[in-house]
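Beneath this line is the structure, given in structure tokens, with notes to follow.
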Amino acid sequence: MATAEPEVILNPSKSEEENSEETSQEIVSPECYIKHPLQNRLYNHIQLSSNLMSGCDYSLFKDDIEPMWEDERNKKGGRWLITLNKQQRKLDLDRFWLETMLCLIGEAFDDYSDDVCGAVVNIRTKGDKIAVWTTDYENKDAITHIGRVYKERLGIPMKMTIGYQSHADTATKSGSTTKNKFVV
């Protein structure tokens with residue numbers, strides 16, 4: 001991250017010569033050395049998802065992408081879905097959601113980070129869901145790479161699987177579940 005040069009504040013009531021003598025004792029504007037409260041500390045100020053009321057959704061999406069299937073970048077996409085039971089809210093929900101956000105912010109998906117649109121956590125009475133949304137469900141290489149990295153970052157055991165669903169299938173499902181296009 002680039003840093004800005006400190007702003008030198010000169011005394012306008014003094015002559016140029018007097019000001020040039022003072023440049024060895026430059027006064028630096030506080031904005032140049034006081035970090036913005038969210039810079040590098042956003043993680044510490046995030047509302048934990050387990051504190052949200054049932055029925056609430058919490059999302060983090062790239063600039064100009066809405067957290068809805070109809071958004072142009074999401075239309076042909078899908079999601080890696082993690083479903084948590086009620087007991088996992090205390091054990092895993094906050095850890096999984098915070099790690100999900102770090103994956104997005106840190107572009108943890110290597111060359112396929114551009115294929116990630118955002119993530120959503122849904123807080124529900126029956127059980128919670130966390131999903132990483134991608135832009136194109138037909139890009140098998142991107143989808144499977146993102147799924148493998150995501151599963152690894154969450155620390156989900158190899159014997160457990162997570163599934164990927166296209167938004168089109170989810171929107172037109174006839175039952176309570178959607179068929180997975182991919183699993184890792």
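The values are calculated or read from the model by the stated rules, or taken from the named source; none is laboratory data. Quantities reported herein were computed from a predicted structural model and do not represent experimental measurements. Note that we place each Cβ from the backbone using ideal geometry, even for glycine, and neighbour counts take in every protein chain shown. Heavy atoms of the whole protein, side chains included, go into the accessibility calculation; ligands, DNA and RNA do not. Shrake-Rupley method; radii C 1.70, N 1.55, O 1.52, S 1.80 Å.
Just give me the residues in region 130-164 being of a type outside the set (Asp, Glu), touching a helix residue (DSSP H, G or I) at 6+ places or on another chain (Cβ under 7 Å), part of a loop (DSSP other than H, G, I, E, B) and surrounded by fewer than 18 Cβ atoms within 10 Å (Cβ to Cβ), in sequence order. Within region 130-164, 139 is the sole residue that qualifies. Within region 51-63, does at least one residue satisfy the condition of being open to solvent by less than 100 Å² (accessible area, probe 1.4 Å), closer than 30 Å to residue 160 by Cβ, modelled with pLDDT of 80 or more and among the basic types (Lys, Arg)? Yes; the residues of region 51-63 include at least one that is open to solvent by less than 100 Å² (accessible area, probe 1.4 Å), closer than 30 Å to residue 160 by Cβ, modelled with pLDDT of 80 or more and among the basic types (Lys, Arg). Here residue 125 clears all of (1) in contact (Cβ under 8 Å) with a residue 60 or more places away in the chain; (2) open to solvent by less than 20 Å² (accessible area, probe 1.4 Å); (3) of a type in the set (Val, Ile, Thr) except the condition numbered (2). Take residue 89 and decide whether it is under 18 Å from residue 59 (Cα atoms), modelled with pLDDT under 95, charged (D, E, K, R) and not in a loop (DSSP other than H, G, I, E, B). In short, yes. Criterion first (modelled with pLDDT of 95 or more and in a helix (DSSP H, G or I)) does residue 169 satisfy it? No; evaluated as a whole, the condition is false for this residue. Restricting region 64-89 to residues that are open to solvent by 100 Å² or more (accessible area, probe 1.4 Å) and of a type in the set (Lys, Arg), the residue that is nearest to residue 48 (Cα to Cα) is 86.
Annotation: residue 111 fulfils all but one of (1) under 22 Å from residue 88 (Cβ atoms); (2) assigned to a helix (DSSP H, G or I); the unmet one is (1).
When 84, 98 are checked against the criterion of being in a strand (DSSP E or B), touching a residue at least 12 places away in the same chain (Cβ under 8 Å) and more than 16 Å from residue 146 (Cα to Cα), a single residue qualifies: 84. The condition (being more than 23 Å from residue 176 (Cα to Cα), in contact with a Pro (Cβ under 7 Å, 6 or more places away or on another chain) and small (Gly, Ala, Ser)) is satisfied by just one residue among 118, 155: 118. Here the condition is being crowded, with 19+ Cβ neighbours inside 10 Å, more than 22 Å from residue 171 (Cα to Cα) and among the acidic types (Asp, Glu); of 92, 110, it holds for 92 alone.
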